[in-house]
C-alpha cells in the first residue's frame, strides 16, 4: 500500500489528507502534527478573542476524531518531526513519550506553516508578551485576558493582525497603542487609502507610533513597559505582530531548495526540488499571476487549494496551480481594506511601466440613504495596457468588490477591457459605474 | 460646425452629450427631450418613493441648467421628435407652443429609452393604475400616495421593479399582493434560489398569486378591484410592472433595422443600419459576451457606457463596445438577488451543453457571528469547459460577489480557471472558499 505522509495538520495538511483519502481510499495517509491542535480557522482568532465567553476551540473546523474515525486518516498529534531523509524516503522525530518514531513515505507533504517573528531584543520573552499565529497562541491570549486586569495593550506592528487585534482589544474596552519602526502604516498601501485607515484608528482611540524603534520591554511596577528612544509606553500586555516567517528549517536541513523569504520552493504541481516531496500552505512559495515570478504570500485560501492539488498529484491526477494574485482583505473597526495584485512600486520593480490612480467614489447610488465614501487605487502598465493591481478602502463594499479586479488579473485583462466589464448595479449597492470601473476609466486617461 | 443631435435626455443621451462636448468643444450638440425631466436615476425611484418626505427630484443627477450653461449643450425639453429623415439628415417634431421644429444633423443618436407595458385589458386606464418607468411616473405615484389613503396595492408582475416596489410599499405600511399570469416568480431564476425569494416575500406579508391571469380592473366602492378568474383583489392602487419595451417606433418608421424584442439593432460601434445614426440605452440592442448573439438587456450601466462610446465615435475615436454579460442585482427586503450570464435553459438554447449546480454556503466564516446563508447557482458548458453564468441570493454578500463571475464571463474563463482564482477571504466577509469558488468546484465534478 502506498504511503502518503503529511507534516502539519492545519489548512494545507488536512485539506491534502482529506482529499487524498477521497481520491484514493486505499492510500495510507499519515499526518504528523507537533501540537495537539488540528484544522482550525486561524483567521478567526481576532474575532473569537473579542468574545470572552466563547471557547477558542469553536474555531476548530473538524475534530481530530472525525479525520481518524470517519475519514480513515492516521492523524497523530504531539509528533514533532525532526528530520526528513529524502534518500531513505522517511521522516523521523520524537513522540510525546520520548520514543523516537520513523515513518517511511512514497510521497511526503511538508505543511509546516509559518511562525510569528519575535525580535531578538530584551524583554520579548517576559510573561504578557504574546504573539498570535497558532491556536495555542490564541488560547494563551484568552487565558491572559481572563486572568489579568488588562487595561492597555501595546501592539508592535501595523499589519493585518495588528489592525484586526486593535479592533478586538478596543471592543473589550482595552486601550491600544500601535508601535512600529518603519514610518508607514501598511507600507504596501497607497497613502491616501492608508490615511483613511489611520484616521479610523485615531477616531477609535488607538495610539499610533509609526517610525518608532523599540529598544526593549521591561517590567515596571507590576506592568510592562515598552521602551523606545523617545518614549516609554506602559501596558499590561504586548502583542508582537511584526510579521511571520515560513517554517522551512526542516526542508532546508534535508537540502530542499528555498525561495522568497526562505519559503520552500515549489513548482506549479507543488513539488519541491525533491520529486517525492511536496510543500503547501504558509511554508511554501507560489507563482504570482501578474509577474510570473515567485512570491511568498501566505494566505488561507491558497493553503487549502494547494493541499487539494497536492492530494490530486499524489493520486496521479497531475494538477497545476496557476498561482496567486495576492488578493487579501481585512476589517479594522468599521473599515473594509482590500487589495489584489501589485502596487506601482512592486510593478516598477517587476519591470512594468506603471500608471496609477486613486479615486473616491460612493458605496451606494447618488441620493441613496446610508451611502459612504469608498476609495479605489488602481495600477496599470503603460507598455501593455495590462491591469496590474487594485486596492480599496471603505466602510462597506470593499471586501467583495476586490474580487472583480482579482479575476481580471488572473485572465490578464487590460485596464481598457476591465473598464468595459458589465458589473452589477442597484442603488443600495453602488453607483451606476462601479467604483472599480470609475478607477479604470480614470487610469486609462494616464496610460 | 458639425451637428450632433440626440433624441432623449436620460442616461445614454446626456452621457453622450456631455462626453461629446468634452471630446470636441466645437461640436454643436443638441438634445431633444419630449418630457421636462433630464438625467435622473430611474433605478433610485423605489427608494425615493419609500421616503414620503423626500422630493422625487432629488434623483436628478445633474440639472438642465448645468448642461446648458456649464457644458454648452443645447438641451431642449418638451420637444417630441415625430420623424427622422435619414436621407435629408434631419429630425422633425412639434414644440410645446405647437410650432413645428426641424434640426439637421451630421450625426444622430436615438436614446429614446423604453416604456412600461400596460396590457390591453379593461380598467388599466383607471386613475390609480400606475406604472413606474419615468420620473413623471414616480412623481405621479408619490402624489397619489400623498393624496389618497392607500391601504393596499396590487402589483401586476413579479420582476425587479415589482419586488423592489413590494419592499417600498411594505415599508410604508401598505399591504401588497403580487399577481402574474405565468406560474414562476422570476422565471429566469433557478428554483431553489427563487424559492428563497418567495419565502422572504411571504415572511414580509406579501400576498403571492403566480399563475393568475388578470381579467381586468374595475371600480368597486371607491376602491379598485383586480378581477381574476377565481379571485378578486380589492385595493387602492395598482402598479403595473409586467415589463418594458423599447421606444423604437421612430427608428422603425424611418427604416432602421430592429432586433431582439423590437430594440434598435446596433453594431459594436453603436451604429444603426444607417451609418449616420446611432442608438444607445434602453432602446438599443447589444451583443451578449457569452453567446456572441444579439440580446436586449436594458440596464443603466450599459446606457451610460454606450452613450460615451457613441460620443467617442461621433468624435472620430472609433470605439467598440464588447457587449453585455447580463449582470444585474436588486434588493427585495433583506435579500440581495444577483445574476450574470446565462441560465442552463438559455445556455441550451444558445447551443451549449450546460451543466448546472446549486450550492448553499455562508456569508461569513465558520464560527463567525452574524453569518447567514448564501445560495449560488452556476452554469458551465460540458463541451468547452466555459463558465456560462451564475446567480446568487443571500441577505449579504451577493450584490458585489456576482462581479467576479461577471468578469470571468468577459474573459471567457473556464469553470476550472475560475475555480483557481485568488479571491479575498477574511472571516467577517465569507468562508475561506468564496461561495462562487465552492460552486465552481462542485460544478467541475459534473462537467
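Computed from the coordinates by the stated procedures, all read-outs in this text should not be read as laboratory data. In this text the structure is predicted, and so the values were computed from the model without any measurement. We place every Cβ from the backbone using ideal geometry, glycine too, and count neighbours over all the protein chains shown.
How crowded by other chains is B:42-55, given as the mean number of beta carbons from other chains within 10 Å of each beta carbon? Could you put the intermediate results ahead of the total?
Working: counts 1, 8, 8, 1, 3, 8, 4, 0, 1, 2, 0, 0, 2, 0.
Mean partner shielding for this stretch: 3.
Remark: mean inter-chain Cβ contacts per residue of B:391-400 equal 3, using a 10 Å Cβ-Cβ cutoff to other protein chain atoms. The label point for residue B:294 and the one for residue A:334, both projected 7 Å from the Cα toward the Cβ, are 5.0 nm apart.
Calculate, for residue A:117 and residue B:1, the FRET efficiency according to 1/(1 + (r/R0)^6) with r their C-beta to C-beta distance and R0 56 Å; round to the nearest 0.05.
Working: r = 68 Å, r/R0 = 1.22.
The calculated FRET efficiency here is 0.25.
Within the protein assembly as shown, antiparallel bridges make up roughly 65 percent of the DSSP beta bridges whose residues both belong there.
If you wrap a convex hull around the Cα atoms of region A:189-311, how much volume per residue is inside, in Å³?
On the way: hull volume 22.4 nm³, N = 123.
Measuring per residue, one finds 182 Å³ for the Cα hull of region A:189-311.
Distance distribution note for region A:205-249: the fraction of Cα pairs above 15 angstrom is 53%. Ranked by the mean number of other Cβ atoms within 10 Å per residue, highest first, peptides B:65-76, B:265-276 order as B:265-276, B:65-76. Checking the a/c ratio against 1.5 first, then a/b against b/c, what shape does the Cα gyration tensor give for region A:123-250? Because its axes are fairly even, with a/c under 1.5, region A:123-250 counts as rounded. Helices in chain B, meaning DSSP H runs of at least 4 residues, each add -39500 (n - 2.57). Divided by all residues, the mean residue ellipticity at 222 nm is -7000 deg cm²/dmol.
Evaluate peptide B:410-422: per residue, the Cβ atoms of other protein chains within 10 Å of its Cβ; return the mean as an integer. Please report the intermediate quantities before stating the final value.
Working: counts 11, 9, 1, 3, 0, 0, 2, 4, 3, 1, 10, 14, 22.
Taking the mean over all residues of the peptide, I get 6.
A point 7 Å from Cα along Cα→Cβ stands in for residue B:92, and the other copies hold the same point at 10.1 nm, listed in rising order. The Cα trace of the protein assembly as shown gives Rg and Dmax of 30.4, 104 Å, the first to one decimal, the second as a whole number.
How high is the relative contact order of chain B, given as a whole-number percent (alpha carbon pairs under 8 Å, six or more residues apart)? Spell out each step's value before the answer.
Working: 1042 pairs, mean separation 60.5, N = 447.
Worked out over chain B, it gives 14 percent.
Across identical copies of the chain, residue B:234 has label-point separations of 7.7 nm, listed in ascending order, with the point defined 7 angstrom from Cα along Cα→Cβ.
Would you please state which residues of region B:38-81 a label at residue B:94 would reach in this model, taking the label point 7 Å out along Cα→Cβ and a backbone N cut-off of under 12 Å? From region B:38-81, the list is B:80-81. Quick check: the distance between the Cα centres of region B:1-26 and region A:426-447, to the nearest angstrom? With region B:1-26 and region A:426-447 each reduced to a Cα centre, they are spaced 21 Å. With distances taken between every two different alpha-carbon atoms, chain B has a Kirkwood hydrodynamic radius of 23.4 Å. In whole Å, what is the distance between the alpha-carbon centres of region B:106-181 and region A:218-251? Region B:106-181 and region A:218-251 have Cα centres spaced 63 Å from each other. For region B:328-445, dividing the convex hull volume of the Cα atoms by the residue count gives 90 Å³ per residue.
Relative to the other identical copies, residue A:117 shows label-point distances of 6.4 nm, where the label point lies 7 Å from Cα along the Cβ direction and values run shortest first. Inter-part distance, region B:299-345 to region A:36-59, computed on C-alpha centroids, equals 43 Å. Averaged over residues, the count of other Cβ atoms within 10 Å places the peptides B:176-187, B:156-167 in the sequence B:156-167, B:176-187, highest first.
Spacing of the modelled spin labels on residue A:77 and residue A:372, each 7 Å from Cα toward Cβ, amounts to 3.8 nm. With N counted as the residues of region B:62-155, its alpha-carbon radius of gyration over 2.2 N^0.38 Å works out to 1.49.
If I take R0 = 51 Å and measure r between the Cβ atoms of residue A:353 and residue B:57 in this structure, what FRET efficiency does the formula 1/(1 + (r/R0)^6) give, to the nearest 0.05?
0.65
Taking every DSSP bridge with both residues inside region B:118-240, close to 40 percent are antiparallel.
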